[in-house]
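First comes the structure, then the notes that go with it.
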Amino acid sequence: MDQSDFNTDYPFKCDAVIRTGHTANIFNAQMLPFSTRIATVAGDKQVRVFDIGAMAAPLSGSETIHQPRDTCIRVIRCHGARTKRIVAEESSDLFLTVAEDGTVRLHDLRTPQHACYKGECSAPLVKMPHDLSTLAMSPLTPYQFVVGGESAFAHLFDRRQLRRTLRATWGISSQEDELTTCVRRFGRNLGAPRGRSREDHITGARMASSNGHEVLLSYSSDAVYLYSTQDEPGSHSKRPSPILSPNEVKDTINEHMIRSIDSSEAEDNETDLVSSCLDDEDSEGSDGSGEATDSEAEMQVYDDVPIIYPRARFTGHCNSATVKDVNFVGPNDDFVVSGSDDGNFFMWRKDTGTLHGIYEGDGSVVNVIEAHPHLPLLAVSGIDTTVKLFAPSLNPSSEFSRMSNSESIMDRNSQASRQHPTRSLGIDLIQFVLRHEGELRALRMADREDDGDHEATVTCPTQ
């Protein structure tokens, strides 16, 4: 950013581009603390680690492109399916990843490399009987993490292996052959038991960094739910659900001034079917005959783990066509944010559940919202090829605010969630498009660059 430029609305420029070497969609990227390392996960099943400190300094005023052989320091191939999320610990060497093979793995960059194809990968921390797509951990409780995926439940695991500690905290003892212990499940009260359906897919999970016990879960074609690991299992909080009807939202707008925020840019690009399929994963599951078997296997494994029910429920957005993440924002995690299929992102007050704002964040779909660790700044991305930056503004009527149309927006999103627009696409078609696009990308990568011996070595760190 050119801080001396006061005439340009968005004085940001790209200094460098890192060619990762991934041959499929990159689903997540994380900076590793106290270092210049970046870890990425993608649909090619790989985890890659880059050291941007090793990059040559960019020429003044120019954009430098770095090839994988220049920056990639580790290629990890332990996962057997698309790898979806990274969670970094308070270390430059340790991080966790989750994949659709149902596993969570711990990676330690200090350990020697090993050959995955020889079966030398160490055991995963978690092996679930269904696909996993999201992972969350709080820096205040790094021994706990939450995983979610194609299940009606998210699962809380505790990595502490002292039986007395687990028994005193959770009332559960670890098993001899477990690397970690499932101590709680998070679920919804949906009445009588039923078979697993497309709604039973958790697309996003977050643990609060300010208190270490609050958990957010985003369900496909449903709402965002707030939980606490400190709540007693099997009972609902007496606190009423803070969901607001469209009329209540309208009254709230009239009573309270919504703080406006400005975006770094907004585009109205149309996106075709292939682009939609290639975004952060929109093939969450199918209604085939195999689902009953998966559900039965899951119940047999964790049916004795106590269930915690939600404290609050946040609605208004639409999470059907593509996968939406969810997040806490604010200095004390005071707000809840989520993307939406309508190209907007929604912000609610956590304590009251009132809708604080609806903002245009993408020309098609908003999937990811990340907060700056120190500044009041949000990075928003979706299907568009751009990332938008939002910050507070003194202007009370931001051009990106959509609160004046909140009632109609929420009505449309409610109807879209009930219609399940992606169900008619068919899982086979989506998988075909993804595979075909992956092959095309691999060919383009081969034409554009040659990674040399670095890419030919199939190695990964012992975990």
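The numbers here are math on the coordinates, done by the rules we state, and not lab data. Source: prediction; values computed, not measured. When we count neighbours, we look across all protein chains shown, and the Cβ atoms used for this are built from the backbone with ideal geometry, even at glycine.
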Open item on the list: 5 Å is the cut-off here: which amide hydrogens, built 1.01 Å from N in the peptide plane, fall below it relative to D222, excluding neighbours closer than 5 in sequence?
Closed with: N319
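Please compute the net charge surrounding P33, taking Lys and Arg as +1 and Asp and Glu as -1 over other residues with Cβ under 11 Å from its Cβ.
Numbers: positive: R37; negative: E89, E90, D93.
Summing Lys and Arg as +1 and Asp and Glu as -1 gives -2.
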Task: Fewest-first ranking of D200, D15, using other Cβ atoms within 10 Å as the exposure measure - done: D15, D200
Task: Radius 11 Å from Cβ of V104, net charge of other residues (Lys, Arg +1; Asp, Glu -1) - done: +4
Open item on the list: What are the ³J(HN,Hα) couplings of the stretch 110-124, residue after residue, when phi is run through the Karplus curve with 6.51, -1.76, 1.60 and θ = phi - 60°? Round to Hz, x for glycine and proline.
Closed with: 7, 8, x, 6, 9, 8, 5, 5, 8, x, 8, 5, 6, 5, x
- [ ] Within the set of other residues whose C-beta is less than 12 Å from the C-beta of R402, count the net charge using Lys and Arg as +1 and Asp and Glu as -1.
- [x] -3
Task: Packing-based order for 181-189, 344-352, 370-378, using average beta carbon neighbours within 10 Å, highest first - done: 344-352, 181-189, 370-378
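If you rank R418, R19, R48 by fewest surrounding Cβ atoms within 10 Å, what's the result?
Working: R418 10, R19 18, R48 25.
Listing R418, R19, R48 from fewest to most nearby Cβ atoms yields R418, R19, R48.
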- [ ] Sort the following peptides by mean Cβ neighbour count (other Cβ atoms within 10 Å, averaged over residues), highest first: 140-153, 221-234.
- [x] 140-153, 221-234
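Going by a ≥ b ≥ c, the root eigenvalues of the Cα gyration tensor, does the stretch 26-127 fall in the rounded group (a/c under 1.5), the prolate group (a/b larger than b/c) or the oblate group? Each step should come with its number before you reach the end.
Details: a/c = 1.95, a/b = 1.86, b/c = 1.05.
Cα axes put the stretch 26-127 in the prolate bin.
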- [ ] Please list 119-130, 32-43 highest first by mean number of surrounding beta-carbon atoms within 10 Å per residue.
- [x] 32-43, 119-130
